[in-house]
1. What do you reckon, is Q85 modelled with pLDDT of 95 or more, under 21 Å from G160 (Cα atoms), loosely packed, with under 14 Cβ neighbours inside 10 Å and not charged (D, E, K, R)?
2. Look through the range 123-139, keep the residues that are of a type in the set (S, T, N, Q) and within 24 Å of A69 (Cα to Cα), and return whichever of them is surrounded by the fewest Cβ atoms within 10 Å (Cβ to Cβ).
3. Is it the case, given these coordinates, that M197 is surrounded by 15 or more Cβ atoms within 10 Å (Cβ to Cβ) and either aromatic (F, W, Y) or over 21 Å from the mean Cα position of the chain (by Cα) (or both)?
4. Out of L116, L213, L222, L185, report the one residue that is touching a residue at least 24 places away in the same chain (Cβ under 8 Å), assigned to a strand (DSSP E or B) and either buried (at least 20 other Cβ atoms within 10 Å of the Cβ) or under 21 Å from the mean Cα position of the chain (by Cα) (or both).
5. Out of all the residues in the range 146-162, which are surrounded by 15 or more Cβ atoms within 10 Å (Cβ to Cβ) and in contact with a His (Cβ under 9 Å, 6 or more places away or on another chain)?
6. Anything in the range 225-250 that is crowded, with 18+ Cβ neighbours inside 10 Å, more than 16 Å from R284 (Cβ to Cβ) and of a type outside the set (D, E, K, R)? List them, or say none.
7. Six or more apart or on different chains, Cβ atoms under 8 Å: show the pairs whose first residue is in the range 276-288 and at negative phi and part of a loop (DSSP other than H, G, I, E, B) and whose second is surrounded by fewer than 19 Cβ atoms within 10 Å (Cβ to Cβ) and charged (D, E, K, R).
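The values are calculated or read from the model by the stated rules, or taken from the named source; none is laboratory data. Nothing here was measured: the structure is a model prediction, and the numbers come from that model. Positions of Cβ are backbone-derived with ideal geometry, glycine not excepted, and every protein chain shown enters the neighbour counts.
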Amino acid sequence: MKTLAITRREFARLSAGAIATTAAVRIEAKPLHLPIGLQLYSVRNLLPRDFDGTLAQVRAAGYTVVEAAGYYNRTAQEFRHSMDQAGLRCVSTHHTLSQLETQLDSLLDYAHALGLEYMVCSSSGGMHRDPNAKGTPTLDDWRWIAGQFNRVGEKIKAAGLTFGVHNHTPELATINGTLVYDELLRLTDPKYVVFEMDAGWVVASGHDPLTYLRKEPQRFRLMHVKDMVKGANGEMHSTELGRGVIDFAPITRAATGLRYYFIEQEEFDMDPMQALRIDAEYMRKLSV
């Protein structure tokens, strides 16, 4: 049997390589260094009963940033005071495309007073290029909507904020062989429009968030972190993170352009605040 002799210099080189490899493995598995965020739609039934108390519970559950879904008849000063009192920062908000088109100036005044960074179109509301049209938007309607996004986004950028587009399932529909989401990405100007991927609805639509995040990560500045579980009839329902079908480790790893994420749980089979604590703990322990 042949003996392999290793010099001291070679041993040092090999040892250094092994240490570097081990370090690389450790670097790959790291916490997600972003604030734990909540889309306030998750507590839509609690806020009207006790606005300040609910926000205090949200902060106690581990959340530090939030995204608004309505202002609950409060002035911007009142809303911001409640946020400050709870120790939360409201960095983003949701409005329909119709609201953004017809009320943008007043919404921007509110956004500035609140200290927002993002204004997001929650839904196009099934809008049509022809206001008299009915039914599901056509592919041409979606292309027209993309143009509206560009116009709204340009105005919002000029006001010092960033405009984003959120998806449900209609944006993931295929019309005449064309995926609507692909068209929205293609036709919107990256200078004016970013995307807030709702990963739960992407998966529920039968698509893979990684397909988009790996292809154009810089377009996805925001994300809704939402786990989904299949119901008895095959439909998908929102559930606590880690209890559904979505693994957010590879998703957040691929989301290299991400600035904020917001946990959103739409349905509950337990106390909502207990569920939101489970969600926050999942993200706190997530290694990417």
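1. So Q85 fails the test.
2. Once the filter is applied, the top-ranked residue is S123.
3. The answer is no for M197.
4. Step by step, each of L116, L213, L222, L185 is checked, and only L222 is touching a residue at least 24 places away in the same chain (Cβ under 8 Å), assigned to a strand (DSSP E or B) and either buried (at least 20 other Cβ atoms within 10 Å of the Cβ) or under 21 Å from the mean Cα position of the chain (by Cα) (or both).
5. Listed by number, the residues that qualify are A159, L161.
6. Once the filter is applied, which keeps residues that are crowded, with 18+ Cβ neighbours inside 10 Å, more than 16 Å from R284 (Cβ to Cβ) and of a type outside the set (D, E, K, R), the range 225-250 yields M228, M236, S238, T239, G244, I246.
7. These pairs meet every condition: V288/K30; V288/R253.
Residue-wise test of (1) modelled with pLDDT of 75 or more; (2) crowded, with 19+ Cβ neighbours inside 10 Å; (3) within 24 Å of the chain's Cα centre (by Cα).
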residue	(1), (2), (3)
L4	no, no, no
T22	no, no, no
L34	yes, no, yes
Q39	yes, yes, yes
R44	yes, no, yes
A56	yes, no, yes
G70	yes, no, yes
E78	yes, no, no
T93	yes, yes, yes
